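Visitor: Questions regarding the structure given below will be posed in turn.
The values are calculated or read from the model by the stated rules, or taken from the named source; none is laboratory data. Just so you know, these numbers come straight off a predicted model, no measurement behind them. Neighbour counts run over all protein chains shown; Cβ positions are idealised from the backbone, glycine included.
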Amino acid sequence: MSHTPVPGVSFLIDANLPVIQHPTNRDPFLSFAAHRTLITRKLKGLEDFISFTSVHWHLGEKGMSRSFPSIHHTVRSILTPRTTIGWRFATAEEQEPSQNVTSDPNHPEFTHLREIYFAEDPDYSARFTVPVLYDKKTKRIVSNESAEIIRMLYHEFDPLLPEHHRTIDPYPTDLQSEIDTSNDWIYNDVNNGVYKSGFATTQEAYEKAVTQLFASLDRIEEHLTQKKGPYFFGDRITEADIRLFTTIVRFDPVYVQHFKCNIRDIRSGYPAIHRWLRTLYWEVPAFRDTTNFEHIKKHYTKSHKQINPFGITPVGPVPDVLPLEEEVRAVV
């Protein structure tokens, strides 16, 4: 099978290949985790069909580019094709935060994610990124692009699911055009915007990126203020919620200080976004149960030595996410 190149993606194998090839098997797939794939996996009730392994939170400095990379989402590794370190698996002796931060159960001898890629293609020369959806039966990588993977998960397993999970549709036909439109500008200005700000190497580039980021947050705030219902498009959780949540839940704990995105914070500066965030976090287990703040904060603050050379991890905010029944305290 040949690698089908996709713009902005390392590679995608068999783009039209249905995920369900082993309908009688439990747990035929392994996902090397990224946040929005984990949200979708739990939201659709796919825990019995897709196990997952999380890479260690630390991304080795020698595996990191010194300039802003073309990344697609918050956990795409900042690597060059010639990386020598990059994402690694935790060892048996390490007790790391978050769920399933372990070695690869299919290849316990592998120490780094890159070995999964080289087992698939010894001549692979692009970035070694997460997530990776891996078929344990064929021993092939199905996809390493989270936008593709989450859409596979929406319906490929539906024939095997109970009705209450089968009917969950994060990409409903009547909202697809609106979701696609919002994905475009939110990805460019918000999901990617925090990185454009944080990895800017000139004052001009930083100010341009951070100004556009907050203009887009203002746009989201206005949208949520006018929209009826607790979610981005009303009373249904959609792909727009999944894709935006992973950035917003990291905003105050990480991006405000680490990436200098400090014009305002979410908690005190965007009441509608803050309410939306808290609703997803506290009322929808798929969002809360897949979020580990210690893992998140350690990754950024201890991996990006060019930004935070001493690797000091800020303590706050406290609590990580304000309960729904609490109000933001006024500054005295």
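Visitor: Pairs only if they're at least six apart or on different chains, beta carbon under 6 angstrom, first in the stretch 232-245 and farther than 16 Å from ARG288 by Cα and touching a residue at least 24 places away in the same chain (Cβ under 8 Å), second assigned to a helix (DSSP H, G or I) and polar (S, T, N, Q); list them, first residue then second.
Guide: ALA240/SER182
Visitor: Something else: Quick one: count up the residues across the stretch 242-266 that are surrounded by fewer than 21 Cβ atoms within 10 Å (Cβ to Cβ) and either over 28 Å from ILE312 (Cβ atoms) or in the same structural domain as LEU46 (by TED's automatic domain parsing) (or both).
Guide: Going through the stretch 242-266 one residue at a time, the tally reaches 0.
Visitor: Another question, if that's okay. If you go through the stretch 188-207, how many residues are polar (S, T, N, Q) and without any contact (Cβ under 8 Å) to a residue 60 or more places away in the chain?
Guide: 3
Visitor: Now for a separate question. Within the stretch 203-243, track down each residue that is among the basic types (Lys, Arg) and in a helix (DSSP H, G or I).
Guide: Of everything in the stretch 203-243, those that are among the basic types (Lys, Arg) and in a helix (DSSP H, G or I) turn out to be LYS208, ARG219, ARG243.
Visitor: Sticking with this one: So, of the residues in the stretch 298-321 that are small (Gly, Ala, Ser) and farther than 22 Å from ARG267 by Cβ, which turns out to be surrounded by the fewest Cβ atoms within 10 Å (Cβ to Cβ)?
Guide: In this case the residue turns out to be GLY311.
Visitor: Got a number for residues in the stretch 267-277 being part of a helix (DSSP H, G or I) and surrounded by 20 or more Cβ atoms within 10 Å (Cβ to Cβ)?
Guide: 4
Visitor: Moving to a separate point now. Could you please let me know if ILE186 is farther than 30 Å from GLU120 by Cβ, in contact with an Asp or Glu (Cβ under 9 Å, 6 or more places away or on another chain) and in a helix (DSSP H, G or I)?
Guide: It is false that ILE186 is farther than 30 Å from GLU120 by Cβ, in contact with an Asp or Glu (Cβ under 9 Å, 6 or more places away or on another chain) and in a helix (DSSP H, G or I).
Visitor: Shifting gears a bit: Go through the residues of the stretch 163-173 one by one and say whether even a single one is at pLDDT 95 or above, surrounded by 14 or more Cβ atoms within 10 Å (Cβ to Cβ) and part of a helix (DSSP H, G or I).
Guide: Yes; the residues of the stretch 163-173 include at least one that is at pLDDT 95 or above, surrounded by 14 or more Cβ atoms within 10 Å (Cβ to Cβ) and part of a helix (DSSP H, G or I).
Visitor: Let me ask something else about it. Scan the stretch 136-147 residue by residue and report those that are out of contact with any Pro (no Cβ under 7 Å at 6 or more places or on another chain) and either surrounded by fewer than 17 Cβ atoms within 10 Å (Cβ to Cβ) or over 30 Å from TYR231 (Cβ atoms) (or both).
Guide: THR138, LYS139, ARG140, ILE141, listed by residue number.
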